[in-house]
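I have placed the structure first, in the form of structure tokens, so that the comments after it can refer back to it.
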2 protein chains.
Amino acid sequence: MSSQSGGAKRQARVLKGFRDYLPEQMILRQRIIGIFRDIFERHGFEPLDTPALEYLEILTGKAGENEKLMYRFEDAGGREVGLRYDLTVPLARVVAMHQNDLALPFKRYHIAPVWRAENPQRGRFREFWQCDADIVGSASPLADAEVIAIMAEALEAIGIPEFVIRISHRRLLESLGHAAGVPPELATALYRSIDKLDKIGPEGVTRELTAAGLSEKQAAKVLELVTRRGEPLQLLAELREALAGIEGAEAAIADLEQIFRVLPAFGVAPKRYTLDLTLARGLDYYTGPVFEATVTEPKVGSVGGAGRYDGLVGAFLGRSIPATGMSLGLERIIEVVREHGLLPIPATVADVALVFFPETVAPAAQLASTLRAEGLRVDLSLQPHRGVGDQLKLADRKGIPVAVILGSSELEAGSAQVKDLRSGEQCGVPLAELATAVRDYIDRA
Amino acid sequence: MSSQSGGAKRQARVLKGFRDYLPEQMILRQRIIGIFRDIFERHGFEPLDTPALEYLEILTGKAGENEKLMYRFEDAGGREVGLRYDLTVPLARVVAMHQNDLALPFKRYHIAPVWRAENPQRGRFREFWQCDADIVGSASPLADAEVIAIMAEALEAIGIPEFVIRISHRRLLESLGHAAGVPPELATALYRSIDKLDKIGPEGVTRELTAAGLSEKQAAKVLELVTRRGEPLQLLAELREALAGIEGAEAAIADLEQIFRVLPAFGVAPKRYTLDLTLARGLDYYTGPVFEATVTEPKVGSVGGAGRYDGLVGAFLGRSIPATGMSLGLERIIEVVREHGLLPIPATVADVALVFFPETVAPAAQLASTLRAEGLRVDLSLQPHRGVGDQLKLADRKGIPVAVILGSSELEAGSAQVKDLRSGEQCGVPLAELATAVRDYIDRA
């Protein structure tokens, strides 16, 4: 203690955009992560982890305008390094480095934090967790369908009542541009503007597109094509006609048809997905189908997405390896779960508080071990000198549902008191029946 | 793809001292973390997480010579920041910041990576995981005993055959110094030298102590006192006599007596702990009992430790709050587990590979969903165009034990083939009995 009391008090604070996760939040986070992990593993996806720090050049290759959002610095050895910005680029690096150890197609999941120096706002942080599932080494639309199905299963498993996965295709968008007479060099501007349709409306998109160099007529044609709605396979048949002879259209339509045909077989209900060509997605590295999950009730918007990125592994490896995947944003999902009480979870870890007296310390420690061996989570009081009343009050404040009180006279009689901390109900129970009695009290709640 | 192929190939590499965890390693890591988490929670310890990045001043307060090992930089907002160096300092900050939300004593666990710019060597990395369990707000030796018991349970649960937890006490060491005539200002030098006894032997320690200013006689006396061996409580009784009247000795001995008296009640076998006053531990912030777990067979040395640090929270809060805890190093433990095959785990996540033909894609996706609903982890092949032989080869290479082969003629008859990929044994099974048949095959292995 002496070594501490001399210095000035250090100010306890966290960086803007960063947060502590206190136990109640962590219990919920771990629960959700556990559910996601279980779904990923039921699909045979394998866990992977990568370093938080990477060579900056690994991270910045194709991120484009995102580069300025990276946490980057020079380490003590003079290397330019950066904190992981997403989990997709590290995956591409891993596949390139470990190509001989990994059998392709490689299905992996990765649940971990990433860092972005964005302006913090509600529900947006500088350190946040992504839950990714990707398939590297398959060009088949079946792979795209499987990651879409995983996304739907994950959101259903945590009880999100209303969500829809919007599905689009980069190449089909490009073809729509062609059909409307948009030159290839304006394709990126086209994606970016259309992606904002939700936010800026058709007038806004038209304004942006004409400013970028499209004619009014071209902009109108593009908008007409991307805003068509309908049953996916029927809509695709219409688009096939509308885009007959346009380069790339047929292949993209065939990809999407395969995806939409197989999704029901994966057990995904038709109301959970839609063909929505207004979806383009920002990142440069997408090359095929793209998708995004939007929670419609409550209206929190996107909770995850992704798509096919057949060029990214090749950027490291030199030869192209196809890849597709999806990413769920844990923070947004937790926001929905908390606001709607979707996963009722206990406020604390312990099932039972063990409360006792200075003269029963050793027997109490022993009893705690016994109860733990029977599978109970036991919070052993560390304040026998404080009196039973205070110890019970603390247990109640922590949210522990049941207490066991071990006094010396009862101990001699081979029993202890069990108390329901919510109802106040209390009774003596033989030590051998204690675990069962505690469970009964918990179940009754 | 076009957007990638233009640029130069990015070199796929990781920073020195950093590693990817490929699936086989991750499966083992997750298994061990799960076991630790389960033990922490059975003791009623609650999960906590804190940011990877902190204000540098939070991290550097008492780390002293460790400061140069920190990953530190100026962020884009001009703040001096650093990557978390351990999990103890962030805990102290959390308690100071959230004192009104946390009921004390607060028992928390934290399993997360920390970063240190140390020179990488075998089993030592710049990014590594710690598994910490701490109790904040209890000065009772019962709290020290509980974290020692947790450490012992954790190491036993993963099957480490031979380990011992060495227990010492900073104040008792100080008293031993007093008794030998060592002036207080040499106490730190004393800890540091004695801590190296294992490495440099008694001659080395004597050399260091005399160099620091002790007389030969003082050094010899200190060495005699700290190297006494015996049954802990008996040894403590001897030390009580030898140190009668020395400031602080009686309180420290009483602490240790309480710990050693209650450890058996926590279910810790006597062979798992020892009183060893040659243990001092490096960090400045320890104030009372300190402990360290050493694996003796195989001889990997320390796999974890910690102790009481009653001043650290006060450094942030301004008023002192007692605290004690323990930290297990995941990397060292994994090294032991791997080298000795202590936890036999599968090489892959999937229980069964589902292999099929281009004409049975949709029924295969549907069958996969059914098997998953029955709790199996199913790797759906994404290569129906490749032929069954190739698909089976891939499943076998991945280490998946069983395959289900779904052909169209058998599908019409309502059955599928099940194949044991190790023995080659294969037979037809009605679809309704498929999950059971797969489980039988797995269990037989």
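The values are calculated or read from the model by the stated rules, or taken from the named source; none is laboratory data. What you are looking at is a predicted structure, and each value in this text was computed from that prediction instead of being measured. Glycine also receives a Cβ, built like all others from the backbone with ideal geometry; neighbour counts cover every protein chain displayed. We work out accessible area using only protein heavy atoms, side chains counted, and drop any ligands, DNA or RNA first. Shrake-Rupley method; radii C 1.70, N 1.55, O 1.52, S 1.80 Å.
Work from the charge dipole of the protein assembly as shown (Cβ charges, +1 for Lys and Arg, -1 for Asp and Glu, about the Cα centre) and give the residue of A:Val388, A:Gln366, B:His178 farthest towards its positive end.
Checked the options; the winner is B:His178.
If I ignore ligands, DNA and RNA and count only protein heavy atoms, how much of A:Phe125 is accessible to a 1.4 Å probe, in Å² to the nearest 10?
We get 40 Å² for A:Phe125.
What does the accessible area per residue of the protein assembly as shown come to in Å², with a 1.4 Å probe and no ligands, DNA or RNA counted? Spell out each step's value before the answer.
Working: 33980 Å² over 890 residues.
Accessible area per residue: 38 Å².
Once amide H atoms are placed 1.01 Å from N in the peptide plane, what residues at a sequence separation of 5 or more from B:Ala323, or on another chain, have their amide H within under 5 Å of its amide H?
Counting only residues 5 or more places away or on other chains, the set is B:Gly137, B:Tyr309, B:Asp310.
For the stretch A:51-132, what is the charge dipole size about the Cα centre, in debye to the nearest 20, if Lys and Arg each add +1 at the Cβ and Asp and Glu each add -1 at the Cβ?
Once rounded to the nearest 20, the dipole reads 300 debye.
Could you state the number of Å between the C-alpha centres of the stretch A:370-445 and the stretch B:415-438?
First find each Cα centre; the distance between them is then 50 Å.
List, in order, the whole-Hz ³J(HN,Hα) value for each residue of the stretch B:102-115 obtained from phi through the Karplus relation with A = 6.51, B = -1.76, C = 1.60 and θ = phi - 60°; use x for Gly and Pro.
Working through the residues one at a time gives 10, 7, 9, x, 9, 9, 10, 10, 8, 10, 6, x, 10, 10 Hz.
Have a look at the stretch A:65-123 and give its Rg and Dmax from the Cα atoms, expressed in angstrom.
When restricted to Cα atoms, the stretch A:65-123 yields Rg and Dmax of 14.7, 44 Å.
Calculate the dipole size of the stretch A:207-329 relative to its Cα centre from +1 charges on Lys and Arg beta carbons and -1 charges on Asp and Glu beta carbons; express the result in debye to the nearest 20.
240
Measure out, as a whole number of angstrom, how far apart the alpha-carbon centroids of the stretch B:111-131 and the stretch A:116-182 sit.
Each part's Cα centre sits 34 Å from the other's.
Using only atoms on other chains, find how many Cβ atoms lie within 10 Å of each Cβ of peptide A:368-379 and report the average.
Working: counts 8, 8, 1, 1, 8, 2, 0, 2, 2, 7, 4, 6.
Counting Cβ atoms of other protein chains within 10 Å of each residue's Cβ and averaging gives 4.
For the stretch A:312-327, what does the Karplus curve 6.51 cos²θ - 1.76 cosθ + 1.60, with θ = phi - 60°, yield as ³J(HN,Hα) per residue in whole Hz, taken in order and with x for Gly and Pro?
Computed from phi, the couplings for the stretch A:312-327 are 5, 4, x, 4, 9, 8, x, 10, 6, 10, x, 7, 8, x, 9, 9 Hz.
From the residues A:Leu69, B:Ser140, A:Ala347, which one has its Cα farthest along the dipole of the protein assembly as shown in the positive direction, the dipole being from +1 and -1 charges on Cβ of Lys/Arg and Asp/Glu about the Cα centre?
A:Leu69
For the protein assembly as shown, take every pair of Cα atoms, bin their distances at 10 Å starting from 0, and report each bin as a whole percent.
Bins of 10 Å from zero give 2, 11, 19, 22, 19, 14, 8, 4, 1, 0 percent of pairs.
Would you compute the Debye intensity of the stretch A:129-196 from its alpha-carbon atoms alone, equal scatterers and no solvent, and pass along log10 I(q)/I(0) at q = 0.11, 0.22 Å⁻¹ to two decimals?
Reported log10 I(q)/I(0), two decimals: -0.43, -1.00.
Calculate how steeply helix B:88-97 sits against the longest principal axis of the alpha-carbon atoms of chain B, using the helix alpha-carbon long axis, and give the answer as 0 to 90 degrees to the nearest 10.
Once rounded, one gets 80 degrees.
What is the magnitude of the charge dipole of chain B about its Cα centre, with +1 placed on the Cβ of each Lys and Arg, -1 on the Cβ of each Asp and Glu, and no other charges, expressed in debye to the nearest 20?
Dipole size: approximately 1000 debye.
Counting only other chains, and only Cβ atoms inside 10 Å, what mean value do you get across the residues of A:71-79?
Working: counts 7, 3, 6, 1, 7, 6, 4, 0, 2.
Neighbouring Cβ atoms belonging to other protein chains average 4 per residue here.
Which entries of A:Lys68/A:Lys221; A:Lys9/B:Lys107; A:Lys68/A:Lys196; A:Lys68/B:Lys68; A:Lys9/B:Lys299; B:Lys199/B:Lys271 show an alpha-carbon separation above 30 angstrom in the structure shown? Mind showing how you got there, number by number?
On the way: A:Lys68/A:Lys221 35 Å; A:Lys9/B:Lys107 24 Å; A:Lys68/A:Lys196 22 Å; A:Lys68/B:Lys68 27 Å; A:Lys9/B:Lys299 42 Å; B:Lys199/B:Lys271 23 Å.
The pairs that break the limit, which is 30 Å between Cα atoms, are A:Lys68/A:Lys221; A:Lys9/B:Lys299.
If you put a point 7 Å past Cα along the Cβ direction, how far is that point for A:Gln11 from the same point in each other copy, in nm, smallest first?
Those separations, rounded to one decimal, come out as 4.2 nm.
Take peptide A:15-21, look around each residue's Cβ out to 10 angstrom, count Cβ atoms belonging to other protein chains, and average those counts.
6
In the stretch A:25-139, if the dipole is taken from +1 on Lys/Arg beta carbons and -1 on Asp/Glu beta carbons about the Cα centre, which of A:Leu102, A:Pro120, A:Gly44 is farthest to the positive end?
Looking along the dipole axis, the top candidate is A:Pro120.
Given label points at 7 Å from Cα along Cα→Cβ, what nm distances, shortest first, separate B:Asp440 from the same residue in every other copy?
Nearest first, the other copies' label points are 4.2 nm away.
Could you give the angle, 0 to 90 degrees to the nearest 10, between helix B:361-373's Cα long axis and the longest principal axis of the Cα atoms of chain B?
Rounded to the nearest ten degrees, it is 40.
How many Å³ per residue does the convex hull of the Cα positions in the stretch B:163-284 occupy?
Normalising the Cα hull of the stretch B:163-284 by residue number yields 104 Å³.
Mind putting together the pair-distance distribution for the stretch A:78-200? All Cα pairs, 10 Å bins, whole percent per bin, short to long.
Final binned percentages: 9, 25, 38, 24, 4, 0.
How big a patch of accessible area, both sides summed and in Å² to the nearest 100, lies buried between A and B at a 1.4 Å probe? Intermediate values should be presented prior to the final figure.
Working: alone 21810 and 21780 Å², together 33980 Å².
Separately minus together, A and B give about 9600 Å² buried.
Pairing the Cα long axis of helix A:434-444 with the longest principal axis of chain A, what angle in degrees results, from 0 to 90 and rounded to the nearest 10?
50
With respect to the symmetry axis carrying chain A onto chain B, which residue of chain A exhibits the smallest Cβ distance to that axis, and what is the value in whole Å?
Nearest to the symmetry axis by Cβ: A:Phe73, 2.
Restricting everything to alpha-carbon atoms, can you work out Rg to Rh for chain B with a Kirkwood hydrodynamic radius?
1.10
Using the Karplus curve 6.51 cos²θ - 1.76 cosθ + 1.60 with θ = phi - 60°, work out ³J(HN,Hα) for each residue of the stretch A:236-247 in order, rounded to whole Hz, and write x for Gly and Pro.
Those phi angles translate into 5, 4, 4, 5, 4, 5, 4, 10, 3, x, 7, 4 Hz.
Report the relative contact order of chain A, percent, no decimals, based on alpha-carbon pairs under 8 angstrom and at least 6 residues apart.
It comes to 15 percent, rounded to a whole number.
Taking the Cα atoms of the stretch B:1-142, report the difference between the largest and smallest coordinate on each principal axis, in whole Å and largest first.
64, 40, 33
Below 8 Å, C-alpha to C-alpha, sequence gap of six or more: please give me the relative contact order for the stretch A:183-242 in percent.
Computed over the stretch A:183-242, the figure is 23 percent.
If you split all Cα-Cα distances of the stretch A:308-395 into 5 Å bins from zero, what percentages do you get per bin, shortest first?
3, 11, 13, 10, 8, 7, 8, 8, 7, 6, 6, 5, 5, 3, 0
Quick one: which residues, 5 or more positions from A:Gly304 or on another chain, have an amide H under 5 Å from its amide H? H modelled 1.01 Å from N in the peptide plane, none for Pro or chain starts.
A:Ala293, A:Gly329
Calculated from DSSP H runs of 4 or more alone, at -39500 (n - 2.57) each and per residue, what is the 222 nm mean residue ellipticity of the protein assembly as shown, nearest 500? Each step should come with its number before you reach the end.
On the way: 34 runs with 365 residues, N = 890.
Value at 222 nm, helices only, nearest 500: -12500 deg cm²/dmol.
Quick one: what do you get for the stretch B:232-299 if you divide its Cα Rg by 2.2 N^0.38 Å?
This ratio for the stretch B:232-299 stands at 1.22.
Tell me, what % of the accessible area of chain B is carbon and sulfur with a 1.4 angstrom probe?
Its accessible area is 49 percent carbon and sulfur atoms.
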